[in-house]
Each structure stands twice: as C-alpha cells, then as structure tokens.
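What follows draws every value from the coordinates through simple rules; no lab data is involved. Fair warning: this is a prediction, and the values are worked out from it, not measured in the lab. Don't worry about glycine lacking a Cβ; one is built from the backbone with ideal geometry, like all the others, and counts go over all protein chains shown.
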Amino acid sequence: MAEDYLKGLNSPQREAVCHIEGPLLVLAGAGSGKTKVITHRIAHIVAIRAARADQILGVTFTNKAAGEMKDRVIKILGLAGRHVRLSTFHSFCASVLRQHAEAVGYKRDFTIYDEADSLALIKRVIRELKTPEGQPSPGTAQNKISHAKDKLFDPGKFADTAADFIEENIARIYKEYQAQLNRNNAFDFDDLLFSMVTMLENNPQLKEYYQNKFPFILVDEYQDTNFAQYMLVKYLSGPRKNVCVVGDDDQSIYGWRGADINNILNFEHDFPGCKVIALEQNYRSTATVLEAAHKVVSKNLKRKSKKLFTVRQGGENISLMLCGDDRDEAAAVTAKIKFGLSQDKTPADFVVLYRTNAQSRSLEDALRDAGIPYVIVGGTRFYDRKEIKDVIAYLRLLINPDDTDSLLRIINIPKRGLGDVSIEKLLKIAARHGISAFEMMNKPEEADLKGKPALELKKLYGILNGLSTEIPKIRPDEIAVRLIEQIGYLKMLDLENTPEADVRADNVRELVSGIIAYMERIDEESEGEEKPTLAGFLENVALITDIDTWNDKEKSVTLMTVHAAKGLEFDTVFVTGLEDGLFPLIRESTDQKDMEEERRLCYVAITRAKNKLCLSMAGFRRRYNNSYNTEPSQFLFDIPENLLDIERFNFYSEFFYGPTLPPPKSYDLDFRRKTGDRRLSDKEPNAPEQFGQTVDDLLKVGLTVSHHKFGVGKIIAREGKGEDMILTIRFGGGTKKVIVRYAALEVLG
DNA sequence: TTCCGAAGGTTTTTT
DNA sequence: ACCTTCGGAA
C-alpha cells in the first residue's frame, strides 16, 4: 500500500521521486508529469519516514499551483498531507515575516502593497522630492526599484552603482520610497522576499531555525526564480542541501520580472554533487503539436538541448488561420469553437491565448455575440477596481493605522470637502509631531485646520477608531458592512444615479460576499483550527491573482494571456495575434535575450494543446488608437509547412490573403533599434495589395466563392470598388447582393 | 479651497 | 478607451 504511489511512474519519474538526500535537479519538459513528481516525492519522503509532513516546504509561484499540489499530496497521504507546507514564495515570506516583523523593523499588522499601491506611493515621493520634470517617469522608477530589490540591492547599494543622472534620481526616490513604506508599516511584493532574505542573513540563529524546521525543500518552476528567491532557497536548504528544484529552461518567461534563467542553467554548478534527471516523455500533446513546439524553441541558443517525445503519433494538423483584421480573427476563432461544440467538445475544452491583455476585447465581443459562454482570466482583477480598492483601503486602515497612503486614497472619498491644501497641512504637521497622519486627524486644530475640514477629519477618525476597537469582537464581514454603512459609500454611489455607479455598488456588495467566502474557506481548510480574520483576508487579497481562482470545471471557453496559461492544458488551443511585433512583442528595448524569451513564450503557448492547435494572425490590427498592417510572426515560419492547414477568414475586412503564408521579411533587431522602428510593419496602412491581391483583382466575375451564411455561389456581377464593392452572387438558394466589407467571403476558385 | 470638465499621456507579460 | 492632470468656475 505504501508503495502504490510508485506505480504509474515512468523510470526517470520514479528515480526523481526516490532520490532523497542531496540536491536534485529535475528538468521537466512541458507535460512530462512535473507536478506528479513533486507531489509523489513529498509523499515518498513522508512514507519512508525521512521526514514528517510538516518538515517539508514546497514553494511555487501561484497559489493555484500550491493548492493543487496540496490536494494531490493529501490524496496520496491522507490527512497527514495537510501539514506539508505548500505555498508561494510571497505568501511563505509574508507569514514568516509576520512572526518576526520586529526583526526587520516592522509591526506584525503590516500591509502588503500591490503594484498599483506602490506606484501611487512612488508618484507621491516623486512629487515630494521634486525630481526634474519627468526624470524618471514613475513607471520607470518603479521598475528599476523592483529590479534592484530582486537583486537584493538596498537604496545605498543602488546609489553606489547608479550609472547616470537618471539613476541617481531613482536612487533618491528608492531611498525615500523605502522610508515611506517603512513608516506606513507596509511591504511591497519585492520587499517580502528582500526582507526575508536580509532577515535570514542578519540573524544566523533564525536562519538555522528555519533550516532545521524544513530539512526538505522543493521548488517548482525553478526557471522563473530571481536572485532573491535563489538566495532564499540557498539559505533555507543550508548545509543539508536537501533541495529539489523542478523546472524547464524552455519555459522561462518571467525574465522581465527579474527571473534569471541562469539559476536553472547553473544549478549543477551551484549545488555540486547534484543529481540531474530529465523528464522527456510528454503525456499531453500529439506528436504534431510537439514537433511544432520543438521547431519554434530549438532556435534558441541559450537552452539545454533536449527533445520531448510522445507515444501519441501523428495528430490533427495545425490550423493556421489568416484573418483580415482582428474582428475577422475573433470571428474565425468563434466559428471554430462553434464547430467544435457541434461535434463532441464542450466550452471548457477551448482556450484562447493572446500576448497582451488588450487583445481580449474583440474576442470577447465575438464570443458574446455568438452566445458562447466565456471567462476572461487576468486583465483587471476584481480587487483592482476603484471601488474595491477604496473599501480595501478603509479596511487596511482599521488594521494598520500607520498606512498613510491608504488614508490618502480615501480621505476625501466620499467627498468630505478635504482638498489638497487641508491634506497637505495634515501631513506636514503630523510629520513634525512624529505621529501618523491618522493620529493627527484627531487633533486637527494643531494642524491649523478649522471649520468643516476639522469636523470631517474628527468624524472620520471617530468612525475608523470605533470600528478598529470592534475588530476582535465582530466577524470580519460584519466589520466591512458597518464600515460601508458608516462612511456612506453606497449612498454616494446611489446619488450618482448612473448605470456605472449601480455596477460599482454591486461590486462593493460582492466584496462582502468575498470576505464571507474567504472565512468559509479558512474554516474548511483548517477544519476550524484557524480563525479567519480581517487581516488574513487583506493579505489574501494582496497575494491572490485571477488565475488562482480560475478553475477548469467552469463550463466556459477561457480567454487569457500566454503567461497566465503556463502550467495549464486544454484540448484545443488558439494562439492569436501571431504577428511580427505583437507576438513576438517588439519594443525599442527588445534585444536578443528578449527575443529568446518571446520564443519560449510561443513554446509555452503551443504546448498547452492536447489535441488541436489553431494559430491565427490578422493582416490589419487596431492597437490603441492606431491601426497597422502587419507581417506574419517569424515563429510561423519555423513550423514545418506539412503540419499546417492554411485557412483564410474575411468576415468583415477587405484583406485577402493568397493561398499561402505571405513570405517572411528580414527580422533585423539591430536595424530596428538603430532606426527606432517600432511599427508593427513598415508599410502604410490601407495597402491590402501587400498581402497578395486587392479586392478588385481577386473578386472577378465568374469566380466561385463561399459565404458564411448563404454557402457556395458564383459571382455574376460587381459594382463599385474596394471594400465597398457590391457583388451579385448566385447561390444555390437564389441570387443575393452582398457588400464585400460585410460579407464573409472565401474565394474557392 | 474645492469641484468639475477638458486635455493629455498611456499599456507587455504578473507574484 | 481610461485614468491622471491641469485650468477655470463656484
């Protein structure tokens, strides 16, 4: 019975599971049973009594992955599996820091700022420091500071390495930002790792404590770790080095967030004597899909050479859908899904992937019009909505009154007649007295505030102070309900009397349901051992993402970015927007290293498919305000032609492709950078002939064409030209006049 | 001093 | 198309 879990493993998998002592690197290709190895290895360690369940730490990047692993471990080990510590890097650090907050100069009830919170603070710091106009932009500063923290550079060290004037300014911003975060008793995402690592560094006994607490460590998606995470793994694994890292260098797609692919490439060097096991049998995809994926990724120079294999020979050909514009593309995807649904597939079998969130719009419209149920993962999170952030800011203040930036967010929402001038006074005097802005609110006279502003400040202080004393006595959801009532948030929305405000009000009510759902989940998971708290809810909100709450039992088509899809699999996968400049996404700063990452991203996208892969591109794409003619993605040319079925779709636009893929162009990154060419194409818009033929050339009288509604017919007359051309077509059911612009015509010959 | 409407810059991917 | 910022009115 104890060895049951070893059955159903192939031999490298079993070898990995049974390796107990010493460092282990598992190079797990896409769909090779990576999660299985991790979960079974945990079970094995416990089963042979090498360690207790609570002595094993498994870290992942998403809560979803952590949760799934936990479920699977529990399935093998039974309830003992509950004590395995499986969490994300960030939430693991957050929970350790809560216990030792004072060791890093924080209080236990610290707030975790998300990216938007952090950006707001950086903007304020820039305003206060009066750095020269637009030097640097808040976004650049945030990015640089984040990367500095990834590399464990504190403000001092960053200042030392500042190469130019702008970086010197960023160093000043970084220093002040950090001081303000500390004063707010708040961490940003990067701080969670940074502070954790520096804490272990500065407290050898604490480091030893955690080394002994977790003699076995497993790291998932190791290719996505940054330097701080690498150091954390190193410290935690200690002299024992019972560390098992699992990853795939071909799936390293978070370089832009500081992930260092060298962590996995150099693991053998960093942990001498480590065992290396490669999992190369793929259990997910057809040979066709794997072949295409391999052809795309193997062009990269910086990778460990390997090739996945499968026993599933052949497989359905890959559809390459050449579409006129983005609407056509969305319609083509929808049509394919419709067809699949009419066969034996269900909505949950499909995923539509794209490089950028902005692309979801047209896809969404088409699916909605077709009445196909869909869910969008990512984009604007529920908790990113303005009204939700407002209420969250209030709740944070109840827990952590030092959080001045949350206070600033809501101090005049709803309108209390507190403008910039009053707020400025409050902040200034509070700083002079060395107390928080929140405390200062209770004595506005000392801040030279009188009349309505003074009254309002006192009133708000009273509400928040009153509620915070109730926190230990009242359920978290009830606190939120009372808060919303007392500040009059719903009343404010009601007065707006617009449909948007109604939606916002619903969202606020939904937030309360969210708190209740959280409470139920904690009760369930800990079986009543852990008490759900408001503070716990807020931490959860900060660290949860959309993908964490997505589940595949959903009876809907899923729309998401390629990044979000990592680790998932679907029967049918659409990879959309395969156009030069969009996927691969090319910007001014794009270099060879980034191109390799784009290639890996494409590899990740393709390998999500179990049975059917559909690739698509549009010849004409609307982006931001502009529209562009596009070139096909270079990745398309890496896929052997015999694996592709090329189809053309023109439901709306005037673009027509020839029967084959338009020929590749030269992709000279250096040239683009030198010339500052950031356009998706070097052609003028509205030049459809670049794609073979113009409408006028193509749609000659006598041609046989296919219409999505009327079927196959013959052109018997035409009037006008271009996209406005009106064709008279004799179909089986009779003669119709159609406008080219609106008709879904495919030329059959 | 605050509030409201118009202009302007802005988006790659995310824990 | 969206949110922040700026300028003028109450």
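Just a few scattered comments:
- Extension gain, A:T549-A:E280: 0.36 nm per intervening residue step, less the Cα-Cα distance, totals 93.8 nm.
- Placing +1 on the Cβ of every Lys and Arg and -1 on the Cβ of every Asp and Glu, with no other charges, gives chain A a dipole of roughly 500 debye about its Cα centre.
- Chain A: relative contact order in percent, alpha carbon pairs under 8 Å with at least 6 residues between: 15 percent
- Length released on extending from A:D54 to A:K450, taking residue separation times 0.36 nm less the Cα-Cα span: 136.8 nm
- Near A:G581, the amide H atoms lying under 5 Å from its own belong to A:I586; only residues 5 or more places off or on other chains count, and H is placed 1.01 Å from N.
- Set of aspartates and glutamates near A:K345 by C-alpha distance (under 19 Å), chain-local residues within fewer than 8 positions excluded: A:E316, A:D552, A:E554, A:E569, A:D571
- Cβ crowding within 10 Å, taken as a proxy for footprinting-reagent exposure, orders A:R183, A:R416 from fewest neighbours to most as A:R183, A:R416.
- Highest mean packing comes first when the peptides A:235-248, A:22-35 are listed by Cβ atoms within 10 Å, giving A:22-35, A:235-248.
- Applying 1/(1 + (r/R0)^6) with R0 = 22 Å to the Cβ-Cβ distance of A:Q592 and A:E268 gives a FRET efficiency near 0.35.
- Long-range HN-HN contacts of A:L320 with modeled amide H, under 5 Å: A:L615, A:D645, A:I646, A:E647
- Positive dipole terminus of segment A:506-646, leading residue within A:L538, A:A565, A:T576 (C-beta point charges): A:T576
- Relative packing of A:366-373, A:254-261, A:576-583, which averages over residues the other C-beta atoms within 10 Å, highest first: A:576-583, A:254-261, A:366-373
- Taking 0.36 nm per residue of separation and subtracting the current Cα-Cα distance, fully stretching the chain between A:E510 and A:R127 would add 134.4 nm.
- Calculated from backbone phi, Karplus (6.51, -1.76, 1.60) coupling profile of segment A:261-270 in Hz, x at Gly/Pro: 4, 5, 4, 7, 5, 9, 4, 4, 6, 6
- Stokes-Einstein diffusion coefficient of segment A:284-344, Kirkwood radius over Cα pairs, 37 °C, 0.692 mPa s, in µm²/s: 231 µm²/s
- Whole-number D in µm² s⁻¹ for segment A:433-533, Kirkwood Cα-pair radius fed into Stokes-Einstein, 10 °C, 1.306 mPa s: 99 µm²/s
- Dipole of segment A:115-264, positive direction: furthest Cα of A:T225, A:L236, A:I253, with charges on the beta-carbon: A:L236
- Considering every alpha-carbon pair of chain A, the percent of pairs per 20 Å bin, from zero through the bin containing the longest distance, is 15, 43, 33, 9, 0.
- Cα-only radius of gyration and Dmax that characterise segment A:391-483, units Å: 12.9, 38
- Spin-label pair A:A501/A:E525, simplified geometry with 7 Å Cα→Cβ offset, distance in nm: 3.8 nm
- 3J(HN,Hα) along segment A:113-119: 8, 8, 4, 5, 4, 5, 5 Hz, from the Karplus curve 6.51 cos²θ - 1.76 cosθ + 1.60 with θ = phi - 60°, whole Hz, x for Gly and Pro.
- Dipole in debye (nearest 20) - segment A:496-633, about Cα centre, beta carbon charges: Lys, Arg +1; Asp, Glu -1: 780 debye
- Hits among lysines - C-alpha to C-alpha of A:K130 under 17 Å, sequence gap 8 or more where chains match: A:K175, A:K428
- For A:L218, residues with placed amide H under 5 Å, excluding near neighbours: A:L57, A:G58, A:V59, A:C244
- Backbone N within segment A:78-94 under 12 Å of label point (7 Å from A:D4 Cα along the Cβ vector): A:78
- The average projected area of segment A:327-414, computed from the convex hull of its Cα atoms over all directions, is 8.4 nm².
- Peptides A:393-405, A:204-216, A:141-153, A:539-551 ordered by average Cβ neighbours within 10 Å, highest first: A:393-405, A:141-153, A:539-551, A:204-216
- For segment A:449-592: Kirkwood Rh in Å [reciprocal of mean 1/r, alpha carbons]: 19.8 Å
- Percent of beta bridges antiparallel (DSSP, chain A, rounded to nearest 5): 35 percent
- Sites A:A80 and A:Q205 - FRET efficiency at Förster radius 30 Å, r taken between beta-carbons, to 0.05: 0.50
- Whole-Hz couplings from phi, Karplus 6.51/-1.76/1.60, listed for segment A:596-613; x for Gly and Pro: 5, 5, 4, 5, 5, 4, 5, 4, 4, 4, 5, 6, 6, 7, 7, 10, 10, 10
- Taking the charge dipole of segment A:278-395 about its Cα centre, with +1 at Lys and Arg Cβ atoms and -1 at Asp and Glu Cβ atoms, the residue from A:T346, A:A366, A:L279 reaching farthest to the positive side is A:L279.
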